[in-house]
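Some notes on the structure that comes next.
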Amino acid sequence: MRPERLPEDVEPGDLPHIPRPREQAGLVGHTEAEAALVAGIASGRLHHAWLIGGPRGIGKATLAYRMARWLIANPEPGAVPRTFDVDPGHPAARHVAALSHSNLVSLRRTRPPTAKTMATKISVDATRDALGLFNKIAGDNVGYRICIVDSAEDLNANSANALLKMVEEPPPRSLFLIVSHAPGRLLPTIRSRCRALTLRPLPEAEVARVVAGFPPPFVQPEAEALARAAALSEGSVAQAMAMLDPATANLVAEVETLLARLDHPDWRRILALAEKLSGRDSDDLFAASLDTVFRFVSAELDRRAHEGPSRLAALVEVCDKIARAAREAATYNLDRRPLVLSLFGDLAGALRAAA
């Protein structure tokens, strides 16, 4: 479905000219995960809560909405799917894309009508309002009442507890599809009441296939750019899209060049990079830089695996130090320039120690 949105219509994870998960009819990959959900329906004992975990941008929410779409299109008890395919012209597809079906709620961060920015968390009031769906008296053959949480990391303590209470004592034919980028960080009590469904990063070819399938107005990239983006995506379509952005692609290329020259660091260029990454609007570029550094270290560790742990300990320690410093910089809003400078200095020292 072609996304047509008003300027004020924004949601977490939106990408320019890309359909949202609920607007996408198909799903690339994750056949085993979909088969597990199909088998749950076919058994007649579908578990009421599923925790769909995995890295960002790999299709977790797309799978959740795909299942919800089929259940709304086939509400009669006993219906068994072969797949979750639903004709894009079916009323259920339109209702799910618009979040307009009476049996479906989506619990997600939104931008309040009078606010200039999106909420940082899902409030307890919004959670209780959405979960009001399950307090309604169900009639005959109304199908499942479905709540999709996208994502669980956006719940605050109170909203997580409100969700927990409903998941603990769900009404009949209730279904909770809880998307999580880091399931281990959720309340243990929520995890214990869910059936875990872990999705893996997509292979490069499937990432490229997803991007190649985006409809207009998305402009398809050149084959070489798409191949490089897929190679750097770590199985995430969202990350591949970031790599197709010229600013991100140029930054990654610069970081790769500086890392390749760590035997003789170019401190002038490293200082220029630190300045670029210190701006308030450079969060995404900073994240892309860290991803590039961690890929570099991972490749070095793989290349030198035969040398033994003692020779490579310094590289592992530097990685831990970088990750810790990045978390502290984000938590306390620290200047990133010292972090970037020390990052390259520490890596250069670790490589000398491992030489």
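Structure notes:
- Among residues of region 272-287 that are over 14 Å from Leu341 (Cβ atoms) and modelled with pLDDT of 95 or more, none has a beta-carbon under 9 Å from a residue that is surrounded by 13 or more Cβ atoms within 10 Å (Cβ to Cβ) and acidic (Asp, Glu) at least six positions away or on a different chain.
- Residue in region 243-259 that is hydroxyl-bearing (Ser, Thr, Tyr), over 17 Å from Glu206 (Cα atoms), out of contact with any Gly (no Cβ under 9 Å at 6 or more places or on another chain) and buried (at least 20 other Cβ atoms within 10 Å of the Cβ) present: yes
- Scanning region 73-106 for residues that are among the charged types (D, E, K, R) and touching a Phe, Trp or Tyr at 6+ places or on another chain (Cβ under 8 Å) turns up just one, Asp85.
- Considering the conditions (1) touching a Leu at 6+ places or on another chain (Cβ under 9 Å); (2) under 18 Å from Ser289 (Cα atoms); (3) free of Cβ contacts under 8 Å to residues at least 60 places away in the same chain; (4) not aliphatic (A, V, I, L, M), Asn250 is excluded by exactly one of them, (1).
- Residue in region 190-197 that is more than 19 Å from Thr62 (Cβ to Cβ), touching a helix residue (DSSP H, G or I) at 6+ places or on another chain (Cβ under 9 Å), free of Cβ contacts under 8 Å to residues at least 60 places away in the same chain and not in a helix (DSSP H, G or I) present: no
- Gly13 meets the conditions (1) in the same structural domain as Arg191 (by TED's automatic domain parsing); (2) in contact with a Gly (Cβ under 9 Å, 6 or more places away or on another chain) in every case but one. The failed one is (1).
- Residue identified as farther than 23 Å from Ser233 by Cα, among the polar types (S, T, N, Q), surrounded by 13 or more Cβ atoms within 10 Å (Cβ to Cβ) and assigned by TED's automatic domain parsing to the domain that holds Ala348 among Ser310, Ser278: Ser278
- Entry remark, region 95-123: residues being surrounded by 14 or more Cβ atoms within 10 Å (Cβ to Cβ), out of contact with any strand residue (DSSP E or B) (no Cβ under 9 Å at 6 or more places or on another chain) and part of a helix (DSSP H, G or I) number 1 in total.
- Within region 160-207, the residues that satisfy the criterion of being among the hydrophobic types (A, V, I, L, M, F, W, C) and under 17 Å from the mean Cα position of the chain (by Cα) are Leu177, Ile178, Val179, Ala182, Leu186, Ala196, Leu197, Leu199, Leu202, Val207.
The values are calculated or read from the model by the stated rules, or taken from the named source; none is laboratory data. All values reported here derive from a predicted model rather than from experimental measurement. In this analysis, Cβ positions are derived from the backbone assuming ideal geometry, glycine residues included, and neighbour counts consider all displayed protein chains.
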